[in-house]
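S.K.: My questions will all concern the structure given below.
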Amino acid sequence: MRHYLRRMNRLIFASIFIALIYSFVVRADQAVLSSDASKLMQQADEDFAKDLYTQAVPKYEQAVKLLRQQNDRKAFADGAYKLGCAYIAIGNN
């Protein structure tokens, strides 16, 4: 019985350890995605402000794709709105 309990404790410890490592990796990946999306949005906003709409569109598209992967609904909606504004601005020129 003791042997069985020791084995179970080791198994539980290993499972918890793996879960913790996985959670840190996932958080790090999300931080990188968030950072990349923020940079793209900032660059696209700068292009949009300079009336460089055709250059802003691909950056907004990439940012929106990253934000969708993150499930960041507020930032996704903001990016999608700005992407739409860039398309409208291209159509008006």
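S.K.: Go through the stretch 32-57 and give me each residue that's within 19 Å of Y87 (Cβ to Cβ) and open to solvent by 60 Å² or more (accessible area, probe 1.4 Å).
M.R.: Those that are within 19 Å of Y87 (Cβ to Cβ) and open to solvent by 60 Å² or more (accessible area, probe 1.4 Å): Q43, E46, F48, A49, K50, D51, L52, T54, Q55.
S.K.: Further question on the same structure: I need every pair where a residue in the stretch 51-76 that is at positive phi has its Cβ under 9 Å from the Cβ of a residue that is surrounded by 15 or more Cβ atoms within 10 Å (Cβ to Cβ) and part of a helix (DSSP H, G or I), sequence separation at least 6 or different chains.
M.R.: D51/A89
S.K.: While we're looking at this one, here's another question. Filter the stretch 71-84 down to the residues that are in a helix (DSSP H, G or I) and exposed (fewer than 15 other Cβ atoms within 10 Å of the Cβ) and list them by number.
M.R.: If the condition is that a residue be in a helix (DSSP H, G or I) and exposed (fewer than 15 other Cβ atoms within 10 Å of the Cβ), then R73, K74, A77, Y81, G84 are the ones that fit.
The values are calculated or read from the model by the stated rules, or taken from the named source; none is laboratory data. Just so we're clear, the structure is a prediction, and the values are computed from it rather than from any experiment. For neighbour counting, all protein chains shown are included, and Cβ atoms are generated from backbone atoms with ideal geometry for every residue, glycine included. What goes into the accessible areas is simple: the full protein's heavy atoms, side chains included, and nothing from ligands, DNA or RNA. Shrake-Rupley method; radii C 1.70, N 1.55, O 1.52, S 1.80 Å.
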